[in-house]
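To start, the structure under review is shown below, and the notes come after it.
The values are calculated or read from the model by the stated rules, or taken from the named source; none is laboratory data. Note that the structure is predicted; figures quoted are calculated from it, not measured. Here the Cβ positions follow ideal geometry from the backbone for every residue, glycine too, while neighbour counts run over all protein chains shown. To get the accessible areas, we keep the full protein, side chains included, count just its heavy atoms, and leave off ligands, DNA and RNA. Shrake-Rupley method; radii C 1.70, N 1.55, O 1.52, S 1.80 Å.
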Amino acid sequence: MPAELLETAARIFRAEAADGYRDRVVIGGLSGFAARLQDVAQGDQVADLLGDYGALPPEERAARLDAAQSLLTSPLPLGEVARSAGEGYARADTLPSPSPSPTGRGSAAPHGVTLATRIDTLRGVGPVRARLYTRLGIHVVGDLLFHFPVRHQAFPPVSTIGDLFFKPEGSVEGTLERLEVESLPRGLKRLRATVRDATGSVHAVWLRHGVARIGINTGERIALSGRLILQGRQLVFENPDYERADGPPIHTRRLVPIHPLTAGLSDKELRGRIFWALTHFAASVVDPLPESVRARHALIGIDRALWQMHFPDSADEYADARRRFAFEELLTIQLMVLRRRITWRQDPSPSLPRQQRALDALEGGLPFELTRAQRRVADEILGDMALSKPMTRLLQGEVGSGKTAVAALALMNAVAGGYQGVLMAPTEILAEQHFATVAGLFEAAGPGLEAVLGRRPAVTLLTGSVKGKARTRAYEAVATGEADLVVGTQALIQERLEFARLGLVIVDEQHRFGVRQRVSLRRRAGSDGEGVPHLLVMTATPIPRTLALSLYGDLDLSAIDEMPPGRQFPRTRLLGSDERDLAYERVRRAAERGEQSFVICPLVEESEALQAKSATEEYERLRAGELANLRLALLHGRMRAADKDAIMRAFRDHEYDVLVSTAVVEVGVDVPNATVMLIEGAERFGLAQLHQFRGRVGRGGQPSVCILLTEPPDPDANERLAAVVETTNGLELAERDLRLRGPGDYFGVRQSGMPELKVARLDDAPLVESARASAAQILAADPELARDEHRALATHLAEFVAGAGDPS
């Protein structure tokens, strides 16, 4: 590079940075100056990089300028991808030579660069541009390998130009004969290239801002892939992808990966860097899957799998790579949950044999008959409690199925056996509701229980609102054993609380707690010297089996799959936005009859703050409009917990006719007088969540209705919502929801100690079952993963658990 031009460029770049990237240091703008650099090493890339500099925001100008400085002062050596920024290309003479269908050996790594090398230290990136990679979770070179594409662009294989006619798209290799530039309004330029091979010629047209260059000179070979149109009698590629034809196909002529991007980072830059990383480092990635596991499940090795995920030779090869990484993710999840299960069951637990006389006395006081399903799951729970190993069981039952009655039986069995029980709810109002229900059941069975136990069990409420002397008395009652049963919130996890003889812990609405709180309570509970208590967690969320095996794979599963006789399920109606008046007329008529209604506001994905704003605006609109004469209350996630509880209590006590709420409306809160559930923007919610909302009304036995209001007609959304109208089977809806939306919308996924999955789908039942069986087999033979063949897997699992924040 001529020294004087390099020095001039350096001075101009420094001055531009000092001036705040305002593009006024050079007459005509920085893009014009950059065009003069095209004849120096890396200069053509700098020209492309800064070609649209004047149209960029300041932060993007800073990133581009930083990348340009890196290119000019530290040119990439042969073997590295020269293209590092902007909308340019990867030069063939700087690309690695191995085919993207390797035999397992890659090119030697650049000196001093490893999988752990920080991305900001790579030439052509720098600290400013590295921020773009960081947004994508790419911090080190190794992260490039696992930044998997979201899809592939299927370009056809190379054909001759003469064979392109009557094809909608094509790929060719030829010589760039001519490049013509036409200036258009608003700084646009139309580039028209003529490419020729032995069979004829074809044109290619691009529209561009800034510098009119494609980085390939006339007389050089070029590869094109893209859509073809006919202009008169001339065949034209319309805005095709392109690259030099004498290098390996990266951007054309193949299944081209489309990776997740961020503003300021082009697909070509990222794709080129990933190709470079694969070439030099794929072969050095340690495969966490033991060879025996790969052979048993017919899985390809990680080196080939990485290549085929990004640059597959065929759709079948890509499917094999996806299956391999999906199995790896699912196996890791199963190892995590099964090891947690093993760890939790290593400690002894008090054996609590079935106390039949006390159970009969409690059941005799119930105001209803237990269903067959309730009896079945009660037998499963009581059978676990009789063992000296801690029970870890999940009880799933829809709203109104009778989970609380089953929980009361389990608690009574613990108390009759001489131990204490704990029932923990996620909010104060739910804790108060459980306290009233369980205390009421025990009171109704009082005479019978006195005959069996010689006394009536003492039930204590302990929440954040219990303060002062009352709190001190509650702590003392728990510590001395005077309190047989404690109902409360997360206050039960606090260090100060000591139990006399804790035998059973029940956690309601498990999704609101997650693993960390569960572990904390069990560790605290085991401090009384009586061993680890039995654990029962409950949820009203229908959970498909594959999801349960992954999120709650450390727990045995019981399901109440039968509703009590006479339970009236709400009718469900699907209305369009033009029928909104009918929906609110139904709310007004309910209020006239002395009944109450919920209005759920549309889900706003961006943030809880925006959801609160949306709910507040809807509340004000309804209060001044359709529901002006009714008593309205507002509930959203930005409110303090005490304020939310106060609103829910007031609504439960019929101080309001209508509760306008976001999706935060408490699952489990019993408002028997509520008969209308109106859900605005229903298409934005998952089917399982809509089913949960629907279960909040009709608890008092009156006819009730759930109204799903949708935005402008969407046939796909209406077809999905029709399933909610047609079925009351929550599990069926949950299975469909999992297929359509994935696990992220389920309660408990983010709290479950499981990072976001990159490849696996939790609705892939055969693969989930296969991974679980394999994990169980591995742990049975090597519980500590200490064997040589499992060391890489143990390291991978440790990293996974650390990323999940798993406390067990």
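Per-structure values
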| quantity | calculated |
| --- | --- |
| Spacing of the two label points (7 Å from each Cα toward its C-beta) at Thr121 and Arg456, in nm | 7.2 nm |
| Segment Thr114-Thr727, length gained on full extension (0.36 nm per residue, minus Cα span) | 215.2 nm |
| Alpha-carbon Debye profile of region 129-238, log10 I(q)/I(0) at 0.12 Å⁻¹ | -0.58 |
| GluC sites (Glu not before Pro) restricted to region 643-696 and DSSP loop, no more than 16 other C-beta within 10 Å | Glu655 |
| Residues of type aspartates and glutamates that Lys167 reaches as a straight line, Cα spacing below 20 Å, ignoring anything fewer than 8 places off in the same chain | Asp197, Glu238, Asp241 |
| Apportionment of accessible area to carbon and sulfur, the chain, percent (1.4 Å) | 50 percent |
| The chain - convex hull of alpha carbons, volume per residue in Å³ | 209 Å³ |
| Residue-level accessible surface for Lys389, protein heavy atoms, 1.4 Å, Å² | 120 Å² |
| Spin-label model distance (nm) - Arg375 vs Asn239, 7 Å beyond Cα toward Cβ | 6.9 nm |
| Helix runs (DSSP H) in the chain reaching 27 Å along axis by Cα, Kyte-Doolittle at least -1.0 | 315-344 |
| Where a label projected 7 Å from the Cα of Ser183 along Cα→Cβ would reach, residues of region 3-30 with amide N under 14 Å | 28-29 |
| Quotient of Cα Rg and 2.2 N^0.38 Å for region 629-736, N being how many residues it contains | 1.12 |
| Calculated Rg and Dmax of region 528-581 using C-alpha coordinates, Å | 19.4, 64 |
| Förster radius 60 Å - calculated FRET efficiency between Ala10 and Ile342, Cβ distance, rounded to 0.05 | 0.45 |
| Cα-based convex hull, region 384-432, per residue volume (Å³, whole number) | 103 Å³ |
| Over the chain: helical MRE at 222 nm, DSSP H runs n ≥ 4 each giving -39500 (n - 2.57), nearest 500 | -12500 deg cm²/dmol |
| Rg(Cα) / (2.2 N^0.38 Å) computed for region 237-325, rounded to two decimals | 1.24 |
| With all protein chains modelled, accessible area of His147 [1.4 Å, Å²] | 20 Å² |
| Kirkwood Rh in Å, taken over region 316-475 so that all alpha-carbon pairs contribute | 18.5 Å |
| When the convex hull of its Cα atoms is projected in every direction, mean area for region 206-260 (nm²) | 5.5 nm² |
| Accessible area of the chain divided out per residue, in Å², using a probe of 1.4 angstrom | 41 Å² |
| Antiparallel bridge percentage (DSSP; both residues within the chain; nearest 5) | 40 percent |
| Estimated distance in nm for a label pair at Asp246 and Glu620, the labels positioned 7 Å out from Cα along Cα-to-Cβ | 6.8 nm |
| Residues listed by number, region 630-645, amide nitrogen under 20 Å from Lys467 label point at 7 Å toward C-beta | 639-645 |
